[in-house]
1. Taking the condition part of a loop (DSSP other than H, G, I, E, B), surrounded by fewer than 20 Cβ atoms within 10 Å (Cβ to Cβ) and basic (Lys, Arg), does residue 64 pass?
2. Looking only at the range 69-93, count every residue that is farther than 18 Å from residue 25 by Cα, assigned to a helix (DSSP H, G or I) and either among the small types (Gly, Ala, Ser) or free of Cβ contacts under 8 Å to residues at least 24 places away in the same chain (or both) and tell me the total.
3. Find all pairs meeting these conditions: Cβ atoms under 7 angstrom apart; at least six residues apart or on different chains; first residue within the range 94-121 and under 24 Å from residue 68 (Cβ atoms); second residue of a type in the set (Val, Ile, Thr) and part of a loop (DSSP other than H, G, I, E, B).
4. I'd like the full set of residues that are part of a helix (DSSP H, G or I) and either touching a residue at least 60 places away in the same chain (Cβ under 8 Å) or out of contact with any Gly (no Cβ under 9 Å at 6 or more places or on another chain) (or both), limited to the range 150-174.
5. Which one is farthest from residue 70 (Cα to Cα), of the residues in the range 2-22 that are surrounded by 14 or more Cβ atoms within 10 Å (Cβ to Cβ) and free of Cβ contacts under 8 Å to residues at least 60 places away in the same chain?
6. Using the structure shown, decide if residue 177 is assigned to a loop (DSSP other than H, G, I, E, B), surrounded by fewer than 19 Cβ atoms within 10 Å (Cβ to Cβ) and modelled with pLDDT of 95 or more.
7. Just the residues that are of a type in the set (A, V, I, L, M, F, W, C) and in contact with a helix residue (DSSP H, G or I) (Cβ under 9 Å, 6 or more places away or on another chain), please, taken from the range 216-236.
8. Determine if the range 88-97 includes at least one residue that is within 17 Å of the chain's Cα centre (by Cα) and closer than 25 Å to residue 197 by Cβ.
Amino acid sequence: MLLAQITDLHIKKPGLLAYKKVDTTKYLHACVDKLNRLSPRPDALIITGDLTDFGVIEEYQALRRELERLQMPFYLALGNHDHRDTLRQAFPDHTYLGVDGFVQYTLDFEKLSLIVLDSQDLPNSGGRLCEQRLQWLAEQLQAQRGKPTIIAMHHPPFLCGVEHMDKQSLNRDDAHQLEELLRNYENIERLICGHVHRGVMTRFAHSIASICPSPAHQVAYDLNPNGPSAFVMEPPAFHVHANIDKNWVTHTVYVEDYGGHYPFYDAQGKLID
């Protein structure tokens, strides 16, 4: 089982640049090309929020044009830049999105259950998991008890040290309640997030929580208190979560070409030196 994850696409209306600098649609186009070239190809792709920049229909239409090029099933989650009703309007065939309320759903694969949460809390940039959403999660976890499970959401439930992003992570009380809930389950293989535009990992409950980098711009690495809110054009990347020998491992895959493949050994099997 291979589950690819991309996040924080921030697709704009055609012809517009994010922050007047980043052609996010161009970056997504390259990311889709890379995903389609992967061998073996992922069984599914989860996109963990901030699909668009302002949640308007023209942005979702532009997003759909790019995602329809994918040669694998893809599933959508909400970020703080998204709009529930407009997302459903643009993707009416994605029935797992539901017709109203929170966008939360469970996908049952042969070797994996994927539980997708809605952490949006408009108009705030930070995230919430209210009692209703946590209760829904508890019911899903009970139903999937014993089966390897990955939980996907936009806002990370932990602090990463980039202060201006930590101020808009998941509400701290909600994060503690989530952690206490997950401590009751040993089958949570990953909790995968977006929002921060950087690759970050930590322990959370009995599992590993990770933040996926963006296929476009990244948030600047800056662990100084009161560091400025800024982005950098570090290499676009995404994650592939893979079931290898009954364990789940996570690979960071870079979108762009940096040269290679170069052999380590010559035709006679001798190390090239």
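The values are calculated or read from the model by the stated rules, or taken from the named source; none is laboratory data. No experiment lies behind these values; they were computed from the predicted model shown. Because the Cβ atoms are built from the backbone with ideal geometry, glycine has one as well, and the counts that use them run over all protein chains shown.
1. no
2. The number of residues fulfilling the criteria is 2.
3. Cβ pairs passing all conditions: 97/103; 118/103.
4. If the condition is that a residue be part of a helix (DSSP H, G or I) and either touching a residue at least 60 places away in the same chain (Cβ under 8 Å) or out of contact with any Gly (no Cβ under 9 Å at 6 or more places or on another chain) (or both), then 163, 164, 165, 166, 172, 173 are the ones that fit.
5. Within the range 2-22, the subset surrounded by 14 or more Cβ atoms within 10 Å (Cβ to Cβ) is 2-13, 16, 18, 22.
Now narrow it down to the ones that are free of Cβ contacts under 8 Å to residues at least 60 places away in the same chain: 11-13, 16.
On the way: 11: 16, 12: 19, 13: 20, 16: 23 Å.
Ranking the candidates gives 16 first.
6. Values: assigned to a loop (DSSP other than H, G, I, E, B): no; surrounded by fewer than 19 Cβ atoms within 10 Å (Cβ to Cβ): yes; modelled with pLDDT of 95 or more: yes.
So residue 177 does not fit the description; no.
7. Selection gives 216, 219, 223, 230.
8. Within the range 88-97, one or more residues are within 17 Å of the chain's Cα centre (by Cα) and closer than 25 Å to residue 197 by Cβ.
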